[in-house]
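Reviewing the structure listed below.
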Amino acid sequence: MELSVNHALLPFEKMPFDEKSAMIYGEIRADLSKKGQIIGNNDMLIAAHAKRLNATIITNNTKEFDRVEGLKVENWVA
C-alpha cells in the first residue's frame, strides 16, 4: 500500500511545513479563536501551509476554510 501511495505522489512536489507556516498557523488560530469561529486543528495546519505557499485549497469543505482570512478556497464539486 505504501509503495502505491508513494508512486501516486511522484508527480507532485512536496513542500515542507516550515517555521513561517507554523507562525501563520498561530495567527490563524488566534484570529479564529478571537472570533469564536475555531476550525479543526488539521484544517488550520492545511490553511497555514496553503497561505505560506500562496496556494489555493480545493475542497468540498468550504464552510470551514472560508473562515480563514486571506485564504484562497475553491470547490470543484459545487
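The numbers here are math on the coordinates, done by the rules we state, and not lab data. Treat the numbers as computed from the prediction; the structure is a model and nothing was measured. Because the Cβ atoms are built from the backbone with ideal geometry, glycine has one as well, and the counts that use them run over all protein chains shown.
Odds and ends about this structure:
- Restricted to helices (runs of 4 or more DSSP H) entirely inside the chain, those with at least 2 residues that are surrounded by 11 or more Cβ atoms within 10 Å (Cβ to Cβ) are 19-35, 41-53, 62-65.
- Among the residues of the range 9-30, the one identified as over 14 Å from ASN41 (Cα atoms) and within 12 Å of the chain's Cα centre (by Cα) is PHE17.
- Every residue from the range 1-40 that is within 19 Å of GLY70 (Cβ to Cβ) and either touching a strand residue (DSSP E or B) at 6+ places or on another chain (Cβ under 9 Å) or of a type in the set (S, T, N, Q) (or both): SER21, SER33, GLN37
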